[in-house]
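Engineer: Before we start, here is the structure in question, set down as structure tokens.
Just so it is clear, none of the values below were taken in a lab; they were calculated from the coordinates. What you see is a predicted model; the values in this text were computed from it and never measured. Every residue, glycine as well, gets a Cβ built from its backbone with ideal geometry; the counts of neighbours run over all protein chains shown.
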Amino acid sequence: METTLYEFYDHSAMSEVNREFTPELIKELKSFMVERYVDNMETKDLVEYVTDDLDRYYEKMDDKQFLDEASNYWEDHFSDVIDEVEDYANSDFKKDIRKVYLESLSEGKDTDDYGSKVDALVDSMSVTDEKVSIVHRRKDMDLL
């Protein structure tokens, strides 16, 4: 099995180290880095990254292949989407739809991350130190 020797500064050892990396270790390290990189991205940055990636992906397709992809994506609504896009393309008043969407992200409309939602939920909960009774009482039995 072929390994890759890599020299780097190890902060825990406070020195340069040489380490051999197996292909399996590099594969797992790549996967972990992608996971962490995406996890630490802001919503706006993630949307912009995916948008740019999809732009490049569709630009590399020939027209027929792209139209097949679009038809499969929108299925029954493909004709309606074509009409909407054609109307927009022929209109006198156009806004850059992508720019408007990305600006809406920076205005906080879609930027709530999971942590802030959890914090808001926890803040909205009332917490008490009172001891809760484990005795169940039935009102109809109390009347007897």
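Engineer: Just check segment 41-110 against the gyration tensor rule for me: Cα atoms, a ≥ b ≥ c as the square roots of the eigenvalues, rounded for a/c under 1.5, and otherwise prolate or oblate depending on whether a/b exceeds b/c.
Structural biologist: Details: a/c = 2.08, a/b = 1.33, b/c = 1.56.
Oblate is the answer for segment 41-110, as a/c is 1.5 or above yet b/c matches or exceeds a/b.
Engineer: Let me ask something else. Tell me which of 38, 14, 3 sits at the most positive position along the dipole axis of segment 1-40, charges placed on C-beta atoms (Lys, Arg +1; Asp, Glu -1).
Structural biologist: 38
Engineer: Taking the Cβ-Cβ separation of residue 24 and residue 58 as r and a Förster radius of 30 Å, what is the calculated FRET efficiency to the nearest 0.05? If you can, show how the numbers build up before the last one.
Structural biologist: Working: r = 34 Å, r/R0 = 1.12.
For residue 24 and residue 58, the calculated efficiency is 0.35.
Engineer: Say each of residue 14 and residue 31 gets a label point 7 Å from the Cα, pointing the same way as Cα to Cβ; how far apart are those two points in nm?
Structural biologist: 3.6 nm
Engineer: Highest mean first, how do 44-56, 25-37 rank when packing is the count of other Cβ atoms within 10 Å averaged over residues? Don't skip to the answer; put the middle values down first.
Structural biologist: Values: 44-56: 12.8, 25-37: 10.8.
Per-residue Cβ counts within 10 Å, averaged per peptide and sorted highest first, yield 44-56, 25-37.
Engineer: Indicate the gyration tensor shape class of segment 1-40 (rounded, prolate or oblate), computed on the Cα atoms with a ≥ b ≥ c the square roots of the eigenvalues: a/c under 1.5 is rounded; otherwise a/b larger than b/c is prolate and the rest oblate. Intermediate results must be reported in sequence, preceding the final value.
Structural biologist: Numbers: a/c = 3.84, a/b = 1.21, b/c = 3.17.
Oblate shape, in that a/c is at least 1.5 and b/c is the bigger or equal ratio.
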